[in-house]
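Peer 1: Below is the structure I would like to discuss, written out as structure tokens.
The values are calculated or read from the model by the stated rules, or taken from the named source; none is laboratory data. These numbers come from a predicted model, not from an experiment. Cβ placement follows ideal geometry from the backbone for every residue including glycine, while neighbour counts extend to all protein chains displayed. All accessible areas refer to the heavy atoms of the entire protein, side chains included, with ligands and DNA or RNA removed. Shrake-Rupley method; radii C 1.70, N 1.55, O 1.52, S 1.80 Å.
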Amino acid sequence: MNQAGVNQAGVNQAGPAAVFWDMDGTLLDSEPIWDIAMSDFAVRHGIVMSPALREQTLGSALLDAMDVVYHAAEIALPDRDVSGDARWLLDHVGELFDVGLPWRPGAPEALDLLATASIPLVLVTNTVRELTEVALQTIGADRFVATVCGDEVSAGKPAPDPYLRAAAIVGQHPAACLAVEDSPTGAAAATAAGCPTLVVPSAAPVAPGALRRFRPTLAGLGLADFADAWTGQTTGHPDVQR
Ligand SMILES: [Mg+2]
């Protein structure tokens with residue numbers, strides 16, 4: 001890191017040009033819902049979802065998460081009903097989302113704060129459009145200039161595609177933007193895209209990295225915290241990792 005306002009790519013500005021938000025586990029406390037759904041999916045295929053197995057699915061695109069279970073259950077490719085299983089899983093998660101989706105601590109306040117600073121926000125999620133639309137009824141679709149869903153890119157997180165798409169939408173270099181993520185998969189995608197990332201871990205620890213700054217929660221963060229996360233500075237708060 002060189003000086004304040006100049007990040008690794010040499011983009012000279014006071015703060016991020018846009019902020020890209022992961023949804024599950026970052027804005028919404030929806031990972032417990034995915035816990036239930038993926039556990040039920042595993043049982044449906046004759047296995048028990050272990051914590052290690054669940055961690056492999058965390059933050060993954062739907063088909064990638066299903067692959068983890070298929071592999072663990074030793075279900076051969078010709079024996080997989082991928083479309084039928086995807087439909088079952090989407091319906092199941094949709095029912096659970098409908099019951100209620102709690103915010104993560106400080107998430108709505110953080111969105112409001114950035115909106116008052118006129119910083120464009122993009123939702124960047126591995127969750128498919130159909131379920132994202134259900135979740136947006138809680139979050140508020142009008143908070144975002146765009147939403148990028150897992151079924152709208154050729155490769156979901158941990159590939160960089162969702163974040164590259166978001167950067168293209170706002171017309172900015174990924175290095176000029178800040179990603180906010182909670183999972184190893186999501187942080188890997190942001191790093192691969194070259195986005196500085198504010199990591200607020202939820203269900204699994206995230207490895208440190210040059211583009212990553214850690215906070216234990218979104219609660220109480222100010223604009224300076226988002227700017228510091230983007231520039232890579234650690235002033236203001238200790239760089240806490242889980
Ligand atoms: Mg997440």
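Peer 1: Hey, any idea what % of the chain's accessible area is carbon plus sulfur with a 1.4 Å probe?
Peer 2: 56
Peer 1: Further question on the same structure: Cα extents of the range 31-99 along the three principal axes, largest first, in whole Å?
Peer 2: For the range 31-99, the Cα extents along the three principal axes come out at 34, 25, 20 Å.
Peer 1: By DSSP, what percent of the beta bridges with both residues in the chain are antiparallel, rounded to the nearest 5?
Peer 2: DSSP beta bridges in the chain are roughly 10 percent antiparallel.
Peer 1: Another one. Compute the relative contact order of the range 31-99 as a whole-number percentage, counting only Cα pairs closer than 8 Å that sit 6 or more residues apart in sequence.
Peer 2: With pairs under 8 Å counted, the relative contact order is 37 percent.
Peer 1: So if each residue of separation counts as 0.36 nm, and I subtract the Cα-Cα distance between Val145 and Glu133, what length gain in nm does that give?
Peer 2: Fully extending the segment from Val145 to Glu133 adds 2.9 nm.
Peer 1: Considering Cα pairs under 8 angstrom that are at least six residues apart, work out the relative contact order of the chain and quote it in whole percent.
Peer 2: 25
Peer 1: I've got another one for you. Tell me, what is the percent relative contact order of the range 113-172, built from C-alpha pairs under 8 Å that lie six or more residues apart?
Peer 2: 36
Peer 1: Go ahead and collect, in residue order, the members of the range 174-201 whose backbone nitrogen is under 14 Å from a label point 7 Å along the Cα-Cβ direction of Ala210.
Peer 2: It comes to 175, 191-197, nothing else.
Peer 1: Arranged from highest to lowest average of other beta-carbon atoms within 10 Å per residue, in what order do the peptides 180-188, 98-106 appear?
Peer 2: Put in order of decreasing packing, that is 180-188, 98-106.
Peer 1: So, one more: Take each of the peptides 190-201, 39-50, 124-135, 160-171, average the number of other beta-carbon atoms within 10 Å over its residues, and list them starting from the highest.
Peer 2: 190-201, 124-135, 160-171, 39-50
Peer 1: Find the all-direction average of the projected area of the Cα convex hull for the range 1-139, expressing the result in square nanometres with one decimal place.
Peer 2: Taking a quarter of the hull surface, the average projection is 10.7 nm².
Peer 1: Which of the listed residues, His71, Met23, Gly222, is farthest toward the dipole's positive end in the chain, when Lys, Arg count +1 and Asp, Glu count -1 at the beta-carbon?
Peer 2: Most positive-ward Cα: Gly222.
Peer 1: With a point put 7 Å past each Cα toward its Cβ, work out how far Trp88 is from Ala52 in nm, to one decimal.
Peer 2: Placing both labels 7 Å along Cα→Cβ, they lie 2.5 nm apart.
Peer 1: Another question, if that's okay. I'd like the FRET efficiency for Ala168 and Val43, computed as 1/(1 + (r/R0)^6) with the beta carbon distance as r and R0 of 41 Å, rounded to 0.05.
Peer 2: 0.50
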